[in-house]
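Below: one structure, written as structure tokens.
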Amino acid sequence: MSISRTTNISCPACGTQQDVQLYDAINVETDPQLKEALMHNQLNRVDCEDCDASFRVDMPLLYNDPGNRMLIHWVPETANVTREEILEDFDESVEQMNEMVPADINLPSVRLVLTRVELVELIFMIEAELNQRVVEYVKYSIHTRNMGKVDPRKSRLLLNVQDSTDEELCFVMQDVQEQTLGKVLRYGRAAYQSICELYDEAPEEFMEMFPGPCISARNLLLDDGTSA
Ligand SMILES: [Zn+2]
């Protein structure tokens, strides 16, 4: 089931107050049209009733994909809540949840993302059956080998599943401040496959590097940077 509520908000362009329906949680099995809206950047988008402004209301969203046994929380960073605070709070609540649930219950995987583009990227990855930890490992090595050009403080790497081919994975650089997309980087599919083989041999090493729930090479690099 999906969960929505009616909220009164004012248009950022003209200030008109209006009641709008916004989603807190979407279930893509029962409401596939909401997933389509999300993928097309239409979910929680408001068209002002008084002027022609169209704006998106970003608020925490739970994406539930029961078929793939996957729960993804999107918790947007705001002026009041930093990335570090979101990660810390989320870790705490996952820990509490794990303590409450009996050990023999097999919980769906829980993921955390901080931006809509990362949510969309992750949905594509799950559906293409790509290994998210291996993909982030690839990003990690692209960042560390090209620190000058692909600086994690300024850029985020996004996997573009749709433009990837059997030969190459296609990554696009996004400017974190401006949110604009830039250079495209290609990574051999064969190299990705060999890392998948390493993963199958020793998954615990990848788990240790990316324990979750936020699996992100960029976050790992930023955290290493602040603790160094
Ligand atoms: Zn307006």
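Nothing in this text is a laboratory measurement; each read-out follows from the coordinates by a stated rule. Owing to the predicted nature of the structure, the values given are computational and were not obtained by experimental measurement. Note that we place each Cβ from the backbone using ideal geometry, even for glycine, and neighbour counts take in every protein chain shown.
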Semi-axes in Å, largest first, for the range 185-228 (Cα gyration tensor, √(5λ)) are 22, 15, 8
Here FRET efficiency (C-beta to C-beta, Cys196 to Arg45, R₀ 30 Å, nearest 0.05) is 0.25
Computed on Cα atoms, Rg of the range 2-150 relative to 2.2 N^0.38 Å comes out at 1.21
Sorted by chain and then number, the residues having a modelled amide H within less than 5 Å of the amide H of Ala53, at least 5 places away or on another chain, are Cys48
The range 98-228: spread of alpha-carbon positions along the three principal axes, whole Å, largest first, is 47, 35, 27
Here the gain from full extension of Glu95 to Ile9, 0.36 nm per residue of separation minus their alpha-carbon distance, amounts to 27.5 nm
Note on the chain, DSSP bridge orientation, antiparallel percent to nearest 5 equals 75 percent
The alpha-carbon center of the range 88-161 and that of the range 196-228 are separated, in whole Å, by 9 Å
In debye to the nearest 20, the charge dipole size for the range 60-227, taken about the Cα centre with +1 at each Lys and Arg Cβ and -1 at each Asp and Glu Cβ, equals 820 debye
Amide H contacts under 5 Å for Ser4, restricted to residues at least 5 apart in sequence or on another chain and with H modeled in the peptide plane, are Asp24
